[in-house]
Amino acid sequence: MSLVDDLLTAAAREYAEAEVYFKRGRSRRFELGPQGLAAVFSEEEGWAVRAGDHRRSLFLTGNGRPVPEAKWPRPAPGALLLPPPRAVPPWRAPEEQNAPLMVEAEAVPLLEGIERELVGELEGARLLGAYLEDGSSEIEVASSRGVRASHRRRAAALFLEVCGPGKARQSVKLLLAEREARRFNPRALARRLADRLLVQERGKAPRRDRGEFLLSPAVATRLLLGLRPLLVGPKGPEAAEGIRDRRGRIGSHLLTV
């Protein structure tokens with residue numbers, strides 16, 4: 001029997017309703033700074049149990065591997081009734097979920113490649129600091145009502161801090177996430193960083209409220225989020241009625257986001 005089964009069996013001895021959640025994960029972090037490269041590998045485990053019946057309930061959480069044979073604490077007043085099982089539509093995990101974690105021989109060229117591409121885009125720019133964290137986790141859930149599920153997760157985070165040329169030495173920071181670390185593109189990231197450095201150093205507020213503007217992805221996202229109440233939901237058409245033109249359009253046909 002697995003650890004989840006052991007926990008569920010122990011809880012079911014005392015309570016009519018029981019549900020167990022268990023998670024294990026591991027990650028690798030590579031940090032590049034003035035002191036060189038630092039690499040850290042970490043593992044974690046955590047669990048949660050909720051159990052009860054028509055008159056009592058409890059909720060427990062902890063780190064590491066639990067001990068199913070340990071004595072359960074005194075429950076609190078209040079019923080606990082778990083929801084009945086539901087049909088789950090079929091789902092196929094993407095192939096990236098099974099990719100191995102990035103190793104040092106891959107992480108270092110990625111970080112160094114970003115700086116190399118940045119210098120090619122903007123001469124004199126340099127990388128002040130960066131870290132790449134790549135991790136995966138596995139989750140198991142089981143209940144006394146026959147529910148049993150397992151799921152894998154995968155995520156990677158990349159932080160970059162760079163500075164530009166010139167006496168001002170303007171700096172920008174960027175934090176990104178991907179499902180898998182190998183999806184980070186050094187050239188695309190370098191161009192994005194160079195654009196932000198140039199805008200920060202030479203950019204000026206527009207003199208007019210019309211014309212051609214190049215918006216960063218973050219600005220375009222905020223713009224769309226602001227328009228969301230007008231575009232999504234049953235109240236959207238009514239809310240947008242006051243800003244539509246004679247043809248029913250919102251905004252000029254020259255505007256694209």
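The values are calculated or read from the model by the stated rules, or taken from the named source; none is laboratory data. Computed from a predicted structure; not experimentally measured. Positions of Cβ are backbone-derived with ideal geometry, glycine not excepted, and every protein chain shown enters the neighbour counts. Quick note on the areas: whole protein, heavy atoms, side chains included, nothing else; ligands and nucleic acids left out. Shrake-Rupley method; radii C 1.70, N 1.55, O 1.52, S 1.80 Å.
Each Lys and Arg adds +1 at its Cβ and each Asp and Glu adds -1 at its Cβ; summed about the Cα centre, the chain shows a dipole of about 1160 debye. Here, P(r) means the percent of Cα pairs in each 5 Å bin from 0 to the largest distance; for region 187-257 it is 3, 12, 16, 21, 17, 12, 8, 8, 3. Once a ≥ b ≥ c are taken as the square roots of the eigenvalues of the Cα gyration tensor of region 75-114, is the result rounded (a/c under 1.5), prolate (a/b larger than b/c) or oblate (a/b not larger than b/c)? Here region 75-114 falls in the oblate category. Length gained on full extension, Ala99 to Val141, computed as 0.36 nm times the residue gap minus the Cα-Cα distance: 12.8 nm. Taken over region 119-257, the alpha-carbon convex hull comes to 192 cubic angstrom per residue. Placing unit charges on the Cβ atoms of the charged side chains and taking the dipole of region 124-183 about its Cα centre, the candidate lying farthest along the positive direction among Ala125, Gly146, Gly135 is Ala125. Of Leu8, Gln35, Gly113, whose Cα points farthest to the positive end of the dipole of the chain (charges on the beta-carbon: +1 Lys, Arg; -1 Asp, Glu; origin at the Cα centre)? Value: Gly113.
In this rough spin-label picture, where each label sits 7 Å from Cα along the Cβ direction, the Asp209-Glu14 distance is 6.5 nm.
Let's test the formula: R0 of 25 Å, r as the Cβ-Cβ distance of Val119 and Arg29. What FRET efficiency results, to the nearest 0.05? My answer for the efficiency is 0.50. Each residue of region 199-209 is assigned a 3J(HN,Hα), and the resulting list reads 5, 5, 8, 10, x, 9, 5, x, 6, 10, 8 Hz, derived from the Karplus form 6.51 cos²θ - 1.76 cosθ + 1.60 (θ = phi - 60°), x at Gly and Pro. A simple spin-label model places pseudo-atoms 7 Å from Cα toward Cβ; at Val108 and Arg191 they are separated by 2.9 nm. Solvent-accessible area assigned to carbon and sulfur over the chain amounts to 52 percent, based on a 1.4 Å probe. Here is the tail figure for the chain: Cα pairs spaced more than 35 Å apart come to 47 percent of all pairs. In this structure, the amide hydrogen of Leu37, modeled 1.01 Å from its nitrogen in the peptide plane, lies closer than 5 angstrom to no residue at least 5 positions away or on a different chain. Taking amide H as placed 1.01 Å from N in the peptide plane, Val162 has its amide H under 5 Å from the amide H of Leu128, Val172, each at least 5 places away in sequence or on another chain. Excluding same-chain neighbours fewer than eight residues apart, the lysines reachable from Lys204 by a Cα-Cα span under 29 Å are Lys167, Lys173. Taking all protein chains into account, the per residue accessible area for the chain stands at 69 Å² (1.4 Å probe).
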